[in-house]
Structures are given as structure tokens and as C-alpha cells.
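The values are calculated or read from the model by the stated rules, or taken from the named source; none is laboratory data. Quantities reported herein were computed from a predicted structural model and do not represent experimental measurements. For neighbour counting, all protein chains shown are included, and Cβ atoms are generated from backbone atoms with ideal geometry for every residue, glycine included.
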Amino acid sequence: MALQLFKIADVTVASPVTIVTFNNIPSGYTDLILKYSARSTTTTTALQTLFNNDQNAANYNYRSVSGNGASVVNDAQTNWYFSVSNPSNATALTFSSGEIYIPNYTSSNQKSLSVDSVTENNATAVVTQLLVGRWTGTAAITRIDFYQLSGSTDTNSTFTLYGVL
Amino acid sequence: MAIRSLKTGTFTRSGMAGNPVIMPGSYESIATVDVGAGGAATITFSNIPQTYTHLQIRCFARTTGPTNGENTYIYFNNTSNGTGYAWHVVRGDGASVVGAGGANARIVANVGTTNTTSTYSAMIIDVLDYSNTNKNKTVRNLYGWDANGSGYIGLASTLVPQTAATTQIDIDLAYNFGQYSTFALYGVN
């Protein structure tokens, strides 16, 4: 049987925006998957991912292994930089590709997630990142927001949210 | 059975009492290639419909070549490796981790025949916004193989410098893909 995936909502950025929001996420699924293809209006790549509009960075943690095209960075932080966007100085018309998997998003326990995401560029500098994250919230996830660390999410970026049964 | 409104495209459950509720999914099989005894030099998915949002290829593959880790390449729209392609990877082999990149359409390494009988690599390849003509295509590939003594786990990406809608995908390597390799293309609505 094919993967039981159901589109909940999608966003295509028509002009640069500071925030992309999925709100009123229904609780009827087992897990969530979010596929995104994004570009920033600035040279930073960090894409902040917030749950239920919790804007306290202390409630988020992650560990990641990232390639930069030439070497590897092991990282662990208390923060919400779970995703990456192509920076504005990468090859024109080129966007990142990422997938966030959030199992058991309605659990009354803290939430874990896994992310594999890449930026691309016809040069050495990229981010190729495997990440696991945690959000300490115990409420069901009903809202997900994406903010660029700097600048805006650029035109033609897309975000698609799926429910998994 | 589900009933689809021709006007709105939305699905609703059948009004007939006793029928099971069938929810239409967003993940659909487009095509599958099973490699036979003679092997296959290239795996081709052509005439890819433009009715989905994203594509995913799930692969179970090995090469007939002599060496573990043979490079594999991906081409879109029957355009071979050319100017503007790039690849990058982060991978671990159980002992160390490497970040690397280059200027061609490489996506991954496969398992070689002579070293690893009946061992296959696994790959999940995503192509987001494959029909979007406003962007080049970024391929993301989560892959790995374990030959009981050697292997990799990796995340690779490929920049395909084409804004055209993707109607054909070729997966290629220097030797053949071995028997029982399978490649399944899915559309994600």
C-alpha cells in the first residue's frame, strides 16, 4: 500500500514574506510531514520553525550534522533553527529542499522531529543537514510558523503540509 | 467509495449506507521499474504527468560494477551532464564523516557486485516543485547501504540547472543496475 499521505495545506510565496503560517492544523492524523522549497532574501540560511506560536527559544533544542560542501559541522543548540533556505547569494532561481517529519504531533508529551534539508549552489558553499529537534511543548501542535533568521522568505518558495495516517 | 465533485475537486464520502469511507491520498504510484536478469544501463521515467506537486523516487539498487561506491547520476528531461550541475553530500561510513561536492549530476554511490552479494543500497530521492518553471530543480537524496564491513549513510543534493517542467528523469551509472534493483516513482499532490 502506498504511503497514506494527505495534504492539509500549502503555501506558495507570491512576494517576500516575513512569516509563513500553517494554522488550525487538524488533529486527526498520526504524524505530520512538511515539505518545503525555500529561498531567503538575505545571505543567511537559517529558517526558524516555531510550534503553536511559542516564541521562547529556550523551549527548542536540536542536534545536527551538516556538510558545507567541503567539511562537516556537528552542532547542538538551544534554538529553533531546524530548517534551511537557499541564501540570496546562491545560484539564481535555486531553492532549498527539505522535509520535516513530526511523529505523534498530538501527543501530550514533548515533541521530537527529524529534518533532512539541503541548500544548493553551483559552487562549494552549501548546507546539507541531518537534524533532530525537540520542542518542549506538551500541547498538540496546531500551528507551525516559519521565519527567516534574517530577511524574508522569497518569492516562489513553497511549503506543503501533509498528515500521515 | 469516495465521490469527487467535478466542480470543486473536493472528495466526500459515499452517501450509501454501509460503504467504507475511503479517503483519497496525496501519494500515488506513477511507475515502477524492476530490473531483470540482464541488468539495466539506465533507469528512465518518461512522460511524467504534471498533475502533482512533488515527486519521490524510492530505490533499491546495486551495480554490476566491481567496486562498492560506484557513482550514480540523475538527469532531467533527457539532458546529459552539462554546465551548471552541482552535487553536494554529507556522509558517514561508521568511522568518520565527510562533506564534499563537485560539478556534475551525481546523486549517490551504489553497492558493487563482486564485494557484496545480494546487498542493495536504499535511496529516497525527492524532487520538489518539479513542474514549477520559476525555479531550478534541487534533488535531495537520503541514502545508504551496509555490506557488513563497509557502507555509507548520506544525504546528497544535486542542482539541476533547469527551470523547465520535469517530464523525464534518467538515473544512470557507468555499469548496469543489477537484477532485482527496483525504482518506484511516486507523485505527491
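Numbers for the structure displayed
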| quantity | calculated |
| --- | --- |
| Options A:Ser112, A:Ser157, A:Ser150: the member that is touching a strand residue (DSSP E or B) at 6+ places or on another chain (Cβ under 8 Å) and buried (at least 18 other Cβ atoms within 10 Å of the Cβ) | A:Ser157 |
| Hits in region B:167-185 - residues which are within 14 Å of chain A (Cβ to nearest Cβ) and either on the phi > 0 side of the Ramachandran plot or crowded, with 20+ Cβ neighbours inside 10 Å (or both) | B:Leu185 |
| Residue identified as among the aliphatic types (A, V, I, L, M), under 30 Å from B:Gly187 (Cβ atoms) and surrounded by fewer than 17 Cβ atoms within 10 Å (Cβ to Cβ) among A:Ala38, A:Ala57, A:Ala70, A:Ala14 | A:Ala14 |
| Residue list for region B:156-166, restricted to those being surrounded by fewer than 17 Cβ atoms within 10 Å (Cβ to Cβ) and not hydroxyl-bearing (Ser, Thr, Tyr) | B:Ala164, B:Ala165 |
| Search result, residues across region A:147-158 that are at pLDDT 95 or above, in contact with a Ser or Thr (Cβ under 6 Å, 6 or more places away or on another chain) and either away from every other protein chain (no Cβ under 14 Å) or outside any loop (DSSP other than H, G, I, E, B) (or both) | A:Gln148, A:Gly151, A:Ser152, A:Thr158 |
| Of all residues making up region B:36-53, the number that are loosely packed, with under 11 Cβ neighbours inside 10 Å and either closer than 17 Å to B:Asn110 by Cβ or hydrophobic (A, V, I, L, M, F, W, C) (or both) | 1 |
| Condition broken by A:Ala46, with the remaining ones in (1) modelled with pLDDT under 95; (2) of a type outside the set (Val, Ile, Thr); (3) surrounded by fewer than 18 Cβ atoms within 10 Å (Cβ to Cβ) satisfied | (3) |
| Strands (runs of 3 or more DSSP E) wholly inside region A:1-63 containing at least 1 residues that are away from every other protein chain (no Cβ under 14 Å), polar (S, T, N, Q) and over 22 Å from A:Asp75 (Cβ atoms) | A:19-22 |
